[in-house]
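S.K.: Have a look at the structure that comes next, please.
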Amino acid sequence: MNTNYQQILDEIYAETRPMLGQGRVADYIPALAKVNPRQYGIAIHTLSGEAFQVGDARVPFSIQSISKVFVLAMVFGRIGETLWTRVGREPSGNAFNSLVQLETENGIPRNPFINAGALVCTDHLVSQTSDPLLNILSFVRMLSNNPKVGFNEEVAESERQTGFRNAALINLMKSFGNIENDVDEVLKVYFHQCALMLDCHDLARAFLFLANRGINPWNGEQILTTSQAKRVNALMQVCGLYDDSGEFAFTVGLPGKSGVGGGIVAVIPNLLSICVWSPALNSHGTSLVGMKALELFTTKTGISIF
């Protein structure tokens, strides 16, 4: 396939830049409210070893819920199918931080990407490792091939100070017996994982193992089995953008994961991964320009999973 990815990125960037100024940043987390909403970058990594980028693709940003994919991969790779006794695999149909279903479904979150499900995954990680924050850092640094990836302590503290709903979610699950560890310890890890700072270039590179049947192309390490990688991609397809997941499947047609920091990462199995970052969000908490950029990418290349 002789697709000119750089030319396509340049075209997309030119076509979508006039949209900058629409949407709004995630101001319910004070540290994110400070981010310049007019920043915008795109990066691609292919399994053949090529890389392409445009705009602010090397500006680090808070990846927020994109981190849930890394923690899910770490836990799923360690404990396998046991994970699904404590978290489901279905779209929630509700907001990512909703408490409603937890009460009626006995503290079992619908999927690993809503906040409640991600907290269960983080709880698993706390149970499995003596230093979960170091483990997360090491894992993401390895996948991104960047030893400088770190946490933004200001963002983590901002999350802690405003994380009342996450505290409510985890305490409700604890009351149902679905959280094993100290609530404050799990929340500390969770707030830090959301405060990971990566740029588009590094995030696209870090997701490439999901386009490569679970194998990290940089060192050949089997992160997930082929079956597990397929399942993570399926979960991203149906749940990765919360109540925007249907629209994303309809317009873009790729497994993807968003974060309220304005990033979206998507993969085309056996081919590439792509990351878009534009901090201004639509009403569902998805990067407004990012969604359009990825729609144009699959339209212009003619490549999606459908």
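S.K.: Which members of the stretch 34-45 meet the condition of being over 19 Å from the mean Cα position of the chain (by Cα) and buried (at least 20 other Cβ atoms within 10 Å of the Cβ)?
M.R.: Of everything in the stretch 34-45, nothing turns out to be over 19 Å from the mean Cα position of the chain (by Cα) and buried (at least 20 other Cβ atoms within 10 Å of the Cβ).
S.K.: Please go through the stretch 169-211 and pick out each residue that is among the β-branched types (Val, Ile, Thr) and touching a residue at least 24 places away in the same chain (Cβ under 8 Å). Give the steps one after another, and end with the answer.
M.R.: To start, the set of residues in the stretch 169-211 that are among the β-branched types (Val, Ile, Thr) comprises 170, 179, 183, 186, 189.
Matches in the stretch 169-211: Ile170, Ile179, Val186, Val189.
S.K.: Among the hydroxyl-bearing types (Ser, Thr, Tyr) and without any contact (Cβ under 8 Å) to a residue 24 or more places away in the chain, is that true of Ser98?
M.R.: yes
S.K.: For Gly107, indicate whether it is in contact (Cβ under 8 Å) with a residue 40 or more places away in the chain, of a type in the set (Gly, Ala, Ser) and over 26 Å from His284 (Cβ atoms).
M.R.: no
S.K.: Also, I was wondering about something else. Counting residues that are out of contact with any Lys or Arg (no Cβ under 8 Å at 6 or more places or on another chain), among the hydrophobic types (A, V, I, L, M, F, W, C) and buried (at least 18 other Cβ atoms within 10 Å of the Cβ), which strands (runs of 3 or more DSSP E) fully inside the stretch 166-283 reach at least 1?
M.R.: Filter on the stretch 166-283 gives 196-198, 263-268, 272-277.
S.K.: While we're on this one: May I ask you to say which residue of Ala57, Ala31, Ala14, Ala26 is within 18 Å of Ala266 (Cα to Cα) and either buried (at least 16 other Cβ atoms within 10 Å of the Cβ) or without any contact (Cβ under 8 Å) to a residue 60 or more places away in the chain (or both)?
M.R.: Exactly one of Ala57, Ala31, Ala14, Ala26 is within 18 Å of Ala266 (Cα to Cα) and either buried (at least 16 other Cβ atoms within 10 Å of the Cβ) or without any contact (Cβ under 8 Å) to a residue 60 or more places away in the chain (or both), namely Ala57.
S.K.: For the structure I just gave you, tell me whether Phe96 is within 23 Å of Ile29 (Cα to Cα) and not acidic (Asp, Glu).
M.R.: Judged against the criteria, Phe96 is a match.
S.K.: Pick from the stretch 70-105 the residues that are among the polar types (S, T, N, Q) and modelled with pLDDT of 95 or more: which of them is surrounded by the fewest Cβ atoms within 10 Å (Cβ to Cβ)? Write out each step before concluding.
M.R.: To start, the set of residues in the stretch 70-105 that are among the polar types (S, T, N, Q) comprises 82, 85, 92, 94, 97-98, 101, 104.
Restricting the remaining residues to those that are modelled with pLDDT of 95 or more gives 82, 85.
Values: Thr82: 11, Thr85: 9.
Here the residue is Thr85.
S.K.: Select, from Val71, Val75, Val59, Val35, the only residue that is under 26 Å from Ile136 (Cα atoms) and in contact with a Pro (Cβ under 8 Å, 6 or more places away or on another chain).
M.R.: Val35
S.K.: Restricting the first residue to the stretch 117-145 and requiring it to be within 19 Å of Ala204 (Cβ to Cβ), which pairs with a second residue that is among the basic types (Lys, Arg) meet a Cβ separation below 9 Å and a spacing of at least six or different chains?
M.R.: Short answer, once both residue conditions are applied: Arg141/Lys148; Leu143/Arg205; Ser144/Arg205; Asn145/Arg205.
The values are calculated or read from the model by the stated rules, or taken from the named source; none is laboratory data. Being a predicted model, the structure only gives us computed values, none of them experimental. Glycine also receives a Cβ, built like all others from the backbone with ideal geometry; neighbour counts cover every protein chain displayed.
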